[in-house]
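Notes follow once the structure below has been shown.
The values are calculated or read from the model by the stated rules, or taken from the named source; none is laboratory data. Predicted model, so just to flag it, every value in this text is computed and none were measured. Backbone-built Cβ (ideal geometry, glycine too); neighbour counts: all protein chains shown.
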Amino acid sequence: MASQYRFIKRDWYLIFITTVLTIPIIIYGSYLFGVTDYNIYKNALDAEHINDLASRASLLTGERIWSIFIHYCFPRILIITAIDFLLASIVNRNVIMLDKQANLSNEVSRGIERQYEIQNSVIEELASVIETRDTNTGEHVRRTKLYVDLICHQLAKENKYKFLLSEDKINKIIASAPLHDIGKIVVSDRILLKPGKLTPEEFEPMKIHTVKGGEMVQSFFNNFSDYSFANEAYEIAMYHHEKRNGKGYPRGLSGEQIPLPARIMAVADVFDALVSKRVYKDSISPEEAFEVLVNESGSHFDPEIIESLKKIKNEFINAAK
């Protein structure tokens, strides 16, 4: 039966032919070689000939051969053939069900792939929209995605995070990273493009980009079936400006109240801001920027993330060059 799943017709023919040949061989072999079953042979042999092969062979006339076949071989062939047909029907039904299941699985896989394509297309379009507002932000989202990739894969090697950061979760965090500043779309050009440091009054509207970003992500991606991606993107957009000491925004979360994707994004976001030239500030070297991350470990950043990042310091710094 197992082999019939792949070659159902060929193997059924083989089983049927084997059955038709085997039953007569067994019956006539038993007749000739002395199986003393009086229930089978009582009409074919006399008791005095049971142990005498020569006598049995001499009695195997054409009429007796036909009689044995009709009365003993043929009924058994019919029974075994019926069983073969039954098994073949079961196997055939299973093959049909497996084919339907495989087709359904392929359709689901194609649907998921198509959804990912649409999802990635939406992310790219949104990132392009951000870039039309601020060319610095457009480059920034692409670089921070690279930093997030490095941080996630290094954290996944640590005992604390290796079960929290599966490859699937890492991919979703990386894919979500370009959306962290999507809320800046609602910030006015006067504030977003100001060639200088923002005043405290101007900075308040800037803070709103986190809340608006979270709302936009929910609006765009909650209709997708991949709810976990929508959640990762929401946490990153909403909380990437929170600080370890609780002095960040918009909610003033502290410690591990801040979702892990947002803690990772915060490191990548600040590092790239430090190494990038802005209209209101000059850039610093990647080495200096890395020292800022280390110095602000425990206050701004998760110290466990910074400690893990130290293990790939050179690779991380080189990614900024």
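Within the set of pairs 6+ apart or on separate chains, which have a first residue in segment 146-157 that is over 16 Å from K310 (Cβ atoms), a second that is among the polar types (S, T, N, Q) and surrounded by 17 or more Cβ atoms within 10 Å (Cβ to Cβ), and C-beta atoms under 9 Å apart? Within 9 Å, the pairs are V148/S176.
Look at I79 and say whether it is touching a helix residue (DSSP H, G or I) at 6+ places or on another chain (Cβ under 7 Å) and either modelled with pLDDT of 65 or more or outside any helix (DSSP H, G or I) (or both). So that I can check it myself, show each step before the final result.
Details: touching a helix residue (DSSP H, G or I) at 6+ places or on another chain (Cβ under 7 Å): no; either modelled with pLDDT of 65 or more or outside any helix (DSSP H, G or I) (or both): yes.
For I79, the condition - touching a helix residue (DSSP H, G or I) at 6+ places or on another chain (Cβ under 7 Å) and either modelled with pLDDT of 65 or more or outside any helix (DSSP H, G or I) (or both) - is not met.
Any residue that is at pLDDT 95 or above and either exposed (fewer than 15 other Cβ atoms within 10 Å of the Cβ) or not assigned by TED's automatic domain parsing to the domain that holds E242 (or both) - is there at least one of those in segment 257-272? Yes - at least one qualifying residue is present in segment 257-272.
Take the residues of segment 222-253 that are assigned to a helix (DSSP H, G or I) and without any contact (Cβ under 8 Å) to a residue 12 or more places away in the chain: which is surrounded by the fewest Cβ atoms within 10 Å (Cβ to Cβ)? The extreme case among them is Y227.
For R64, the requirement of being more than 60 Å from the chain's Cα centre (by Cα), surrounded by 15 or more Cβ atoms within 10 Å (Cβ to Cβ), in a helix (DSSP H, G or I) and at pLDDT below 65 is not met.
Scanning segment 151-177 for residues that are buried (at least 17 other Cβ atoms within 10 Å of the Cβ) and part of a helix (DSSP H, G or I) turns up I151, C152, Q154, L155, K169, I170, K172, I173, I174, A175, S176, A177. Given the structure, is E287 over 13 Å from D302 (Cα atoms), under 23 Å from the mean Cα position of the chain (by Cα), part of a helix (DSSP H, G or I) and assigned by TED's automatic domain parsing to the domain that holds R143? It is false that E287 is over 13 Å from D302 (Cα atoms), under 23 Å from the mean Cα position of the chain (by Cα), part of a helix (DSSP H, G or I) and assigned by TED's automatic domain parsing to the domain that holds R143. The condition of being of a type outside the set (F, W, Y), modelled with pLDDT under 95 and assigned by TED's automatic domain parsing to the domain that holds L150 holds for only one of N245, N295, N222, that being N222. If only residues of segment 290-321 that are surrounded by fewer than 17 Cβ atoms within 10 Å (Cβ to Cβ) and assigned to a loop (DSSP other than H, G, I, E, B) are counted, the one that is farthest from the chain's Cα centre (by Cα) is S299.
State which residue is farthest from the chain's Cα centre (by Cα) when the search covers only segment 186-207 and only residues that are over 18 Å from M265 (Cβ atoms) and of a type in the set (A, V, I, L, M). Working first, answer last.
First, pick out the residues of segment 186-207 that are over 18 Å from M265 (Cβ atoms): 186-205.
Among the residues that remain, those that are also of a type in the set (A, V, I, L, M) are: 186-187, 191-193, 198.
Numbers: V186: 35, V187: 37, I191: 42, L192: 39, L193: 41, L198: 45 Å.
Result: L198.
Listed conditions (1) surrounded by 18 or more Cβ atoms within 10 Å (Cβ to Cβ); (2) more than 25 Å from A289 (Cβ to Cβ) are all met by S219, apart from (1).
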